[in-house]
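Student: Encoded as structure tokens, here's the structure I'll be asking about.
We did not get these values from a lab; they are worked out from the coordinates using the rules stated. None of these values were measured; they are calculated from a predicted model. When we count neighbours, we look across all protein chains shown, and the Cβ atoms used for this are built from the backbone with ideal geometry, even at glycine.
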């Protein structure tokens with residue numbers, strides 16, 4: 001499968017990790033999470049989990065208020081919570 005915007009596919013023969021990496025930057029803050037194939041049951045399942053998390057992060061961040069052009073601390077905590085909850 002090919003990488004998509006904000007989602008990168010890692011499939012290296014020599015590395016232990018195979019899966020998707022979600023990486024999104026908004027208002028000076030980066031959010032990154034890895035979705036390994038082993039944990040989610042395969043390539044397609046890990047992609048679905050990564051896409052769902054990406055949609056949640058985008059909805060939260062794009063609809064949040066900015067403080068001096070940056071994301072508020074509460075918005076950052078909410079986004080980090082979305083990324084730490086197992087899908």
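Student: By how many degrees, 0 to 90 and rounded to 10, does the Cα axis of helix 43-62 deviate from the longest principal axis of the chain?
Tutor: Its long axis makes an angle of about 10 degrees.
Student: What distance in nm separates the two pseudo spin-label positions at residue 34 and residue 48, each 7 Å out from Cα along the beta-carbon direction?
Tutor: Roughly 2.3 nm, to one decimal.
Student: Below 8 Å, C-alpha to C-alpha, sequence gap of six or more: please give me the relative contact order for segment 7-84 in percent.
Tutor: Rounded, it is 24 percent for segment 7-84.
Student: Between residue 9 and residue 68, take the C-beta separation as r, use R0 = 35 Å, and let me know the FRET efficiency to the nearest 0.05.
Tutor: FRET efficiency, residue 9 to residue 68: 0.45.
Student: Still on this structure: Provide Rg over Rh for the chain; use the alpha carbon set for both Rg and the Kirkwood Rh (inverse mean inverse pair distance).
Tutor: Values: Rg = 13.8 Å, Rh = 13.6 Å.
Result: Rg/Rh = 1.02.
Student: Still on this structure, I have one more. Counting helices only, and only those DSSP H runs with n ≥ 4, report the 222 nm mean residue ellipticity of the chain as the sum of -39,500 (n - 2.57) divided by its residues, in deg cm²/dmol to the nearest 500.
Tutor: On the way: 3 runs with 36 residues, N = 87.
Computed ellipticity for the chain at 222 nm equals -13000 deg cm²/dmol.
Student: For 12, 34, what's the fewest-to-most ordering of other Cβ within 10 Å of each Cβ?
Tutor: Going from sparsest to densest Cβ surroundings: 12, 34.
Student: Cα centroids of segment 25-52 and segment 58-79: how far apart, whole angstrom?
Tutor: 20
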